[in-house]
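J.: Could you have a look at this structure, given as structure tokens, before my questions?
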Amino acid sequence: MMIGLLEIDLFSEQFHSLKEKRRLLSSLKERLKHKFNIAVVESAYQDLWQQAQLSVVSLGPNRSILENTFKQIEDFIFLNYALQISKINIQYF
């Protein structure tokens, strides 16, 4: 069994307040949890209204399964939200 950690830095000019950002991120986190059966939290930039970082943790039997899950998460965000993915960091344990 492997553990994967995906950190995604996001940017959007559509946010005009922290309240708007939190509303969108709350929706995104819930959809990710239900669709991919993962744990996700906002892990950085809480006080910046145009940036966010999400940390995603998933368990899988092997690395390729986790890589596939993380790629699907990236694609899901890109296709369903007006957010730019500015940085991705992945670690496996």
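J.: For the Cα atoms of the chain, what angle does the longest principal axis make with the long axis of helix 63-80, in degrees from 0 to 90, nearest 10?
T.: Its long axis makes an angle of about 20 degrees.
J.: Treat every Asp and Glu Cβ in the chain as -1 and every Lys and Arg Cβ as +1, leave all other atoms uncharged, and give the resulting dipole magnitude about the Cα centre to the nearest 20 debye. Present the calculation step by step, with values, prior to reporting the outcome.
T.: Working: 11 positive and 10 negative charges, 54 e Å.
Computed charge dipole of the chain: roughly 260 debye.
J.: Which value in Å does the Kirkwood hydrodynamic radius of the chain take, with 1/r averaged over all unlike C-alpha pairs and then inverted?
T.: Working: mean 1/r = 0.0747 Å⁻¹.
Result for the chain, one decimal place: 13.4 Å.
J.: Applying a 10 Å radius around every beta-carbon, put 49-60, 22-33 in order of their mean neighbour count, most first.
T.: Values: 49-60: 17.5, 22-33: 15.2.
Ranked from most to least packed, the peptides come out as 49-60, 22-33.
Since every read-out is calculated from the coordinates, none of them should be taken as a lab result. Nothing here was measured: the structure is a model prediction, and the numbers come from that model. Note that we place each Cβ from the backbone using ideal geometry, even for glycine, and neighbour counts take in every protein chain shown.
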